[in-house]
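Read-outs: derived from the displayed coordinates by stated rules, not from any lab. Computed from a predicted structure; not experimentally measured. Ideal geometry is used to build each Cβ from the backbone, glycine not excepted, and the neighbour counts take in all protein chains shown.
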Amino acid sequence: HALDQIAELVEARSRQRFVAACASPAPDTPLTMEFGVTRANDGASRWMLMCGQSAADGDGSGTRFFTLQDVTARRRSQEQLKLLEKAVASLNDMVLITEAQPVDRPGPRIVFVNDAFERKTGYSREEVLGKSPRLLQGPDTQRAELDRIRQALNAWQPVRAELVNYTKNREPYWVELMIQPIADEQGWYTHWVSVERDITERRSAEERVHQLAYYDNLTRLPNRTMFMMTAADALASRSSSHVLGAAILIDLDNFKVINDNWGHRNGDLLLAEKARCIREAVPPADTVARLGGDEFIVLLHDLGQDMASAVQEVDRFCTRLLGTVSRPVTIEGIEHFASASLGAVVFGDTPLSVEELLSRADSAMYSAKDSGRNTHRFFDGRLQAQIAERVALEIELRQSIERQELFLLYQPQVDSEGRVVGAEALCRWNHAKRGAVSPALFIPLAEESGFIHEMGPWVLKTACAFLAQWPRLPGMEELSLSVNVSARQFHHPEFVRQVHEVLTHSGANPRQLKLELTESIFADDVEDIVKKMEALRALGVRFSLDDFGTGYSSLSYLKKLPLDQLKIDQSFVRDVLLDASDEAIVRTVIALGESLGLNVIAEGVETAAQRDFLLRSGCSLYQGYLFSRPVPPAELAAYVNPPV
């Protein structure tokens, strides 16, 4: 029987169903079923489609008609499609399939999305099928990228892009997508397949790296690196456009005083607030950057082509900017006043490098500083020579120790009877070509450049080497030697160890050494400063507060400090007989020293009248030209023990 022969070929899993379907079919009932068979000649598995029809004969019996068709290829295609659907559904990448047309508005309709798409976007299949992918776009989706994608699709070309899409809740996320056209058997493009990968974390990491590389962490403004790139582009564009621009360098006045007196945290808060004020005062199309420290710079990009008009506009802008920057800033309930000095350069009329632009702005800014601060100045070519001179002087200062150009002079300190009680070591610089360089010039330069970390220890070593000789010099056995210590030098982590080593190696008596500190030194962690001072006092070292009254002083911390002496600054002594304010300050310092159990010494005493006033006011220690100018070591010994 034919059906029995076929049944033997049907795979076991389908055989029972096949036999049941073929047995006594109802008349005129069509039969359709698919089943697997094993081919007799080679054992290959095939899929067959059987279609049958039963018809009733006149005698009541039935006749069955069957056709068999090999549908193996179709079944395998269906199985592969199901497998592919499962694979696509399980992908972590989002897959979206649309119709091929229309590329332009309203856009092709979505016909398939996978599970990853639903998970990421929050849309269900039912919500997006038949819709355009435009529903994923939002305000930050890059128009330029969309135009590029549309251009590729119109040309039936694959395209790769990175852009911002939006979830159902309108939360933005970054995707890297690859769109590929799909053709049918005849080669007609019928669909687009888009595979999209969520790269939000990668883009966030890249943005963080970009921020660290090109933006200032404190103020969020572009940093020096970013500014250099922006300025280079701005300068390069001038050669073709002939449009003028301007660079305005901003340096906060006396910021170091605020930083030293109130601490770095408050200094940072002040910088951040000043940065915000500057950014708000500058048009959005122009550039504001922080170059470092308390220096900012503004780039005005479009000032037209008329130089006179450009200069006038920059002049007005600088005046407005100064008013903004100079407004007081309240930090933790305390008002801080910090004005600024501005240096302006108009560029675009002649070729200029970024380095030259910054150099000119720097020159103009220093001119504003020299003019009294809280003002602005335009670049003047004559200033360039002054800046070059300053740079050259710094280079030569760094070579001064090696060239043995630095030396110490000693100015005696006397009591009311004229007896020498000590001396102050004063650093001097005798340049091989320049001659004597003023301390008012090179000491601030050493502070600003950081050379003080080399010069300060050299002064201490040289002074202690001389101090070690005093026990053998008549009249100098009990004298004290004062040595100035800068704030930077004192705050060095190894300062206590350095002083101890100098005393040990030199053999100087620690009890004869007095370190002179300025008020700015106490703006940082007072507890740490007291620990250092106590450690040095344990060795026998004493302390004097130099230039007292010129900076910020807090009686609360003054009481904590293990000081031995207050020194009245010469700026108050100079006009003490002429200025009532100076007189009041001097009397107050003397009274304060007495109440704290500290001796008080006045520096800059040049006349007997000044000395007499100080004596009447309760100050009995003096230093100044009335008694002696600063002298070399041999002359100090002779001054202390003059020949009979």
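For VAL314, VAL175, VAL391, the sequence from fewest to most other C-beta atoms within 10 Å is VAL391, VAL175, VAL314. I want the local charge near GLN623. Using Cβ-Cβ distances under 10 Å, sum +1 for each Lys or Arg and -1 for each Asp or Glu among the other residues. After counting each charged neighbour, the total is -1.
Rounded if a/c is under 1.5, else prolate if a/b beats b/c, else oblate: with a ≥ b ≥ c from the C-alpha gyration tensor eigenvalues square-rooted, which is segment 215-379? Prolate, because a/c is 1.5 or more and a/b exceeds b/c. Counted over the chain, the DSSP beta bridges are approximately 75% antiparallel. Here the contact order of the chain, divided by its residue count and restricted to Cα pairs under 8 Å and six or more residues apart, works out to 7 percent.
The gain in end-to-end length when the TRP458 to GLU185 segment is fully stretched comes to 89.4 nm, 0.36 nm per residue minus the alpha carbon separation. Compared with the dominant Cα axis of the chain, that is its longest principal axis, helix 264-281 is turned about 60°. Applying 0.36 nm per residue to the separation of ARG148 and SER326 and subtracting their alpha-carbon distance, the gain on full extension is 59.2 nm. From the coordinates of this entry, Kirkwood radius over Cα pairs in Å is computed, and it appears in (i) 28.3; (ii) 33.5; (iii) 26.8 under the label (ii). The alpha carbon convex hull volume per residue for segment 182-240 rounds to 160 Å³.
For segment 399-640, what is the percent of antiparallel DSSP beta bridges, rounded to the nearest 5? Show your work: numbers first, answer last.
Values: 15 of 38 bridges.
So the antiparallel bridges amount to about 40 percent of the total.
This model, with +1 at the C-beta of Lys and Arg and -1 at the C-beta of Asp and Glu, gives the chain a dipole about its Cα centre of some 760 debye. Computed from Cα atoms, the angle from the helix 452-467 axis to the main principal axis of the chain rounds to 30 degrees.
Among 234-243, 488-497, sorting by the average number of other beta carbon atoms lying within 10 angstrom of each residue, highest first, gives 488-497, 234-243. Cβ-to-Cβ counts within 10 Å put LYS274, LYS131, LYS120 in ascending order as LYS131, LYS120, LYS274, the fewest first.
Distance from the C-alpha centroid of segment 102-132 to that of segment 472-500: 79 Å, rounded to the whole angstrom.
Of the peptides 393-405, 286-298, how do they stack up when ordered by the mean number of other Cβ atoms within 10 Å, highest first?
286-298, 393-405
Quick one: grab the alpha carbon gyration tensor of segment 558-644, order the square roots of its eigenvalues as a ≥ b ≥ c, and give me rounded if a/c is under 1.5, else prolate or oblate depending on whether a/b is larger than b/c. In terms of gyration-tensor shape, oblate. You can think of it this way: the chain between LEU615 and LEU49 has 191.1 nm of extra reach, that is 0.36 nm per residue less the Cα-Cα gap. Applying 1/(1 + (r/R0)^6) with R0 = 30 Å to the Cβ-Cβ distance of LEU445 and CYS277 gives a FRET efficiency near 0.50. On the basis of the beta-carbon distance and an R0 of 56 Å, ARG202 and ARG497 show a calculated FRET efficiency of 0.70.
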